[in-house]
Amino acid sequence: MKSRMLTSIQEILDTADKAQACFVSMVDQHGMPYLVPMNFGMQGQDIFLHSAQNGRKIDALRNNPNVCICFTTDHLLRWQSEEVACSYSMKYRSVRAYGQVKFVEDYDKKVEALNCVMRKYTGKDFSYNAPSIHEVLVWHVVVKQWEGRVYGY
């Protein structure tokens, strides 16, 4: 069974949105790769994330805003023969987004982005207190390129 490229942008976006978390990779200020799992929200082809204002990932992104974000879903172990290790494989759907992080400063845009994340996980919008909005760092990832692969489906 061969993997196939995802060619439909809608199938790519649906696969990404179906994931429960994403993995954000960046390069830190020492030139080392750095990868973090994160919750996310999507609006069209834009990705929204949030974090504390400081830390290793923020230092890395302020130095170099380029990211690759990976989403995976529908993992299912399959085999041709239960007695033959090499006949096992994993069905999956996988998407990568390449882009740049822009930090959101505008209060109302932060609320909108946070609600985008919260709608993904809860299906509803929330109100936030001002100190919380001022303390959170909201990321807007402007995606420049999408790639996806499917194996077994």
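The values are calculated or read from the model by the stated rules, or taken from the named source; none is laboratory data. Remember, predicted model here, so these are calculated numbers, not experimental data. For neighbour counting, all protein chains shown are included, and Cβ atoms are generated from backbone atoms with ideal geometry for every residue, glycine included.
Which is under 28 Å from Tyr151 (Cβ atoms) and free of Cβ contacts under 8 Å to residues at least 12 places away in the same chain, of Asp46, Asp14? Reasoning before the result, please.
Details: Asp46 fails: free of Cβ contacts under 8 Å to residues at least 12 places away in the same chain.
Matching residue, one of Asp46, Asp14: Asp14.
Pull up the stretch 120-149, narrow it to residues that are touching a residue at least 60 places away in the same chain (Cβ under 8 Å), in a helix (DSSP H, G or I) and out of contact with any Gly (no Cβ under 6 Å at 6 or more places or on another chain), then point me to the one that is nearest to Gly44 (Cα to Cα). Give the derivation first.
First, pick out the residues of the stretch 120-149 that are touching a residue at least 60 places away in the same chain (Cβ under 8 Å): 120-121, 135-143, 146-149.
From the residues that got through so far, the ones that are in a helix (DSSP H, G or I) too are 120-121, 135.
Now drop any that are not out of contact with any Gly (no Cβ under 6 Å at 6 or more places or on another chain), which leaves 121, 135.
Values: Tyr121: 17, Glu135: 26 Å.
Here the residue is Tyr121.
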ask   = What is the residue count in the stretch 17-34 for residues that are under 24 Å from Val138 (Cβ atoms), of a type in the set (A, V, I, L, M) and either assigned to a strand (DSSP E or B) or free of Cβ contacts under 8 Å to residues at least 12 places away in the same chain (or both)?
value = 3
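Of all residues in the stretch 130-153, how many are farther than 16 Å from His50 by Cα and either modelled with pLDDT of 95 or more or of a type in the set (S, T, N, Q) (or both)?
So in the stretch 130-153, the residues farther than 16 Å from His50 by Cα come out as 143-153.
With either modelled with pLDDT of 95 or more or of a type in the set (S, T, N, Q) (or both) added as a condition, the list becomes 143-151.
Matching residues across the stretch 130-153 total 9.
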key: Residue ID - surrounded by the fewest Cβ atoms within 10 Å (Cβ to Cβ), chosen from residues in the stretch 35-49 that are within 11 Å of Trp139 (Cα to Cα) and touching a helix residue (DSSP H, G or I) at 6+ places or on another chain (Cβ under 6 Å)   = Gly41
inquiry  = Condition check: under 21 Å from Thr122 (Cβ atoms), of a type outside the set (Gly, Ala, Ser) and either modelled with pLDDT under 95 or not in a helix (DSSP H, G or I) (or both). Does Phe48 satisfy that?
reply    = yes
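What's the total number of residues in the stretch 7-20 that are surrounded by 14 or more Cβ atoms within 10 Å (Cβ to Cβ) and either under 19 Å from Arg119 (Cα atoms) or touching a Ser or Thr at 6+ places or on another chain (Cβ under 7 Å) (or both)? Explain how you work it out, then say what you get.
Restricting attention to the stretch 7-20, the residues satisfying the condition of being surrounded by 14 or more Cβ atoms within 10 Å (Cβ to Cβ) are 11-17, 19.
Retained after the next criterion (residues that are either under 19 Å from Arg119 (Cα atoms) or touching a Ser or Thr at 6+ places or on another chain (Cβ under 7 Å) (or both)): 13-17, 19.
Looking only at that region, the number is 6.
Here is a check on your reading of the model: is Gln53 free of Cβ contacts under 8 Å to residues at least 24 places away in the same chain, touching a helix residue (DSSP H, G or I) at 6+ places or on another chain (Cβ under 8 Å) and more than 19 Å from Ile12 (Cα to Cα)? Walk me through it before giving the result.
Values: free of Cβ contacts under 8 Å to residues at least 24 places away in the same chain: no; touching a helix residue (DSSP H, G or I) at 6+ places or on another chain (Cβ under 8 Å): yes; more than 19 Å from Ile12 (Cα to Cα): yes.
Considered against the rule, which asks whether it is free of Cβ contacts under 8 Å to residues at least 24 places away in the same chain, touching a helix residue (DSSP H, G or I) at 6+ places or on another chain (Cβ under 8 Å) and more than 19 Å from Ile12 (Cα to Cα), Gln53 comes out as no.
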Which listed residue is aliphatic (A, V, I, L, M), out of contact with any Pro (no Cβ under 8 Å at 6 or more places or on another chain), part of a strand (DSSP E or B) and modelled with pLDDT of 95 or more, from Val117, Val67, Val111 = Val67
ask   = Of all residues in the stretch 87-138, how many are closer than 25 Å to Lys57 by Cα, in contact with a Lys or Arg (Cβ under 8 Å, 6 or more places away or on another chain) and among the aromatic types (Phe, Trp, Tyr)?
value = 1
Only listed residue being more than 22 Å from Thr122 (Cβ to Cβ) and in a strand (DSSP E or B), chosen from Arg62, Arg78 = Arg78
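Please verify whether the stretch 94-101 includes one or more residues that are of a type in the set (Gly, Ala, Ser), over 20 Å from Gln10 (Cβ atoms), out of contact with any Cys (no Cβ under 8 Å at 6 or more places or on another chain) and part of a strand (DSSP E or B).
Within the stretch 94-101, the first condition is being of a type in the set (Gly, Ala, Ser), and the residues that meet it are 94, 97, 99.
Going one step further and asking which of them are over 20 Å from Gln10 (Cβ atoms), we end up with none.
No, that holds for no residue.
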